[in-house]
Amino acid sequence: MRYFDYFCFEMDKQQLHNDWLNKRKKRKADLTVEHLLAGIQKQDITLLSSAITMIESTLDTDRVKSEELIKKCLPFTGKSIRIGITGVPGVGKSTFIESFGQLLVNEGKKVAILAIDPSSSTSGGSILGDKTRMEQLSQLKNVFIRPSAAGETLGGVARKTRESIFLCEAAGFDVILIETVGVGQSETLVHSMVDFFLLLMLSGAGDELQGIKRGIMEMADALVITKADGDNIKKANLARREYQNAMHLFPPKKSKWQPKALTCSSYSNTNMDLIWEAIVAYENHTKVNGYFNVNRKEQDKFWLRETLNENILRGFYGNEKLQELLAQFDQKVIREEETSFTAAEKLYQLYIQNLTNGNI
């Protein structure tokens, strides 16, 4: 009798699982491009999330629908201010965004936050805990928080962050905040998709970070010393003055903007208004001198090339025959029958042949 009960339980469990799968497939099939576009324009957060999930998908069917959706969304994009926020781990990026985001909402802004979570290089797992870290902000009506796994993309930037920006703009968000994992190389890619680049720093971080600071500081439109509260206020103000002096030594920016150095405390909400004032001043300054639109056009050209590179890689690694040959060349390189360079050249020539013959 016990075995029969267990058998029935397992059958019921399997049926429930099948029903869930069927409902999920039906929901996905119902998500047409027109349906998603209408939902995005109505600021339906559920459909916006579904659309971003679709553009992050690696399935060919989803990729085709994503491209069509983005194309239809483009006429409704471009009206936000895109802000990149970066800094070394531990600087308090999520805490800063929690406080800064609430200020923006109080200013009447609709805020979308695209937070890139680090992925494990071993398991591929990602924490995706930004909604937990931004507990108060995530409960506000005019806020959308989307954590995405960084995956294996260069520098930890999620592969489809730029397309997600377009969807959020089509949904009517005024301010788009993009939080990086702060691992160094990701900053360059984030800088290429935002209007304003905000660098968060700690006071007294030590000389070991100077090699990272120089390159990132030259990209920054404002530098903010965080955790300027309690006994740390004096040290933060001293660091601000030092960084402001250092930034005057950098080559002039194409935007003709002089980067600002500020301090803030996310816990006491100190100086958050000054940071927003600096961003608004930058936006007005660059729109008057024309740099704002020129920069966005240059970014479009950059991402044309980045997308082309991605498509070429997908064409190579998506070809089963070439993958078999790659495995064979791996062994030849290990046995020292081929160098890495000659093997790569031969594989590239085979890839070109496949393209010429229409096999890719």
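The values are calculated or read from the model by the stated rules, or taken from the named source; none is laboratory data. Because the structure is predicted, anything quoted here is derived from the model rather than measured. All Cβ positions, glycine included, derive from the backbone under ideal geometry; neighbour counts span all protein chains shown.
Considering only the range 58-151, give the strands (runs of 3 or more DSSP E) lying wholly within it that have at least 3 residues that are in the same structural domain as residue 283 (by TED's automatic domain parsing) and modelled with pLDDT under 90.
Working: elements: 81-86, 111-117, 143-149.
Result: 111-117, 143-149.
When residue 273 is tested against (1) assigned to a helix (DSSP H, G or I); (2) within 26 Å of the chain's Cα centre (by Cα); (3) without any contact (Cβ under 8 Å) to a residue 60 or more places away in the chain, just one condition goes unmet, and that condition is (3).
Applying the criterion of at least 3 residues that are under 25 Å from the mean Cα position of the chain (by Cα) and not aromatic (Phe, Trp, Tyr) to the helices (runs of 4 or more DSSP H) found wholly in the range 288-360 leaves 291-317.
When you check residue 313 against the structure, is it more than 30 Å from residue 195 (Cα to Cα), not assigned by TED's automatic domain parsing to the domain that holds residue 60 and not basic (Lys, Arg), yes or no?
No: the conditions fail for residue 313.
Can you find a residue in the range 232-254 that is at positive phi and assigned by TED's automatic domain parsing to the domain that holds residue 136? Reasoning before the result, please.
Quick first cut of the range 232-254, residues at positive phi only: none.
No, the range 232-254 contains no residue that is at positive phi and assigned by TED's automatic domain parsing to the domain that holds residue 136.
Hey, could you check the range 247-276 for residues that are of a type in the set (A, V, I, L, M, F, W, C) and farther than 16 Å from residue 200 by Cβ and say which is surrounded by the fewest Cβ atoms within 10 Å (Cβ to Cβ)? Checked the range 247-276; the qualifying residue surrounded by the fewest Cβ atoms within 10 Å (Cβ to Cβ) is 249.
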